[in-house]
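Notes for the one structure printed next.
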Amino acid sequence: AFFFPYQKIISFNEICAPILIPTKIYLISNSIMNSLCIPKMGFHLYCMNNCIKYAYFLPLKHGISHGISSNYSGIGYKFMRINLYLVTKKNFFLLDKFN
């Protein structure tokens, strides 16, 4: 799950980020190893047991990127696909209007 604390939104398997604004992504693990990879953005995070890892990225173009979230918690979890939607700042902050 992905949390957007300022917008009070929880999203599953989808991330929406504004372009030209630095964005920080946290990867948290309480019991198992987690991995998040979004090749188009050029990062791959690993997080071990009881750790918190983070990465910054700065999207320059709007569009859709695809990634994979994988962990060692059972059958099917290694095939979790992530969609990263990169939108303009105006469209990103319209998310507040839906709450």
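Pairs meeting the criteria (first residue in segment 1-29 and without any contact (Cβ under 8 Å) to a residue 24 or more places away in the chain, second residue among the hydroxyl-bearing types (Ser, Thr, Tyr), beta carbons under 9 Å, at least 6 apart or on different chains) are Ala1/Ser11; Phe2/Ser11; Phe3/Ser11; Phe3/Tyr26.
Among the strands (runs of 3 or more DSSP E) confined to segment 1-77, the ones with at least 2 residues that are among the small types (Gly, Ala, Ser) and either at negative phi or over 11 Å from the mean Cα position of the chain (by Cα) (or both) are located at 63-71.
Coordinate-derived values only; no laboratory data. None of these values were measured; they are calculated from a predicted model. All Cβ positions, glycine included, derive from the backbone under ideal geometry; neighbour counts span all protein chains shown.
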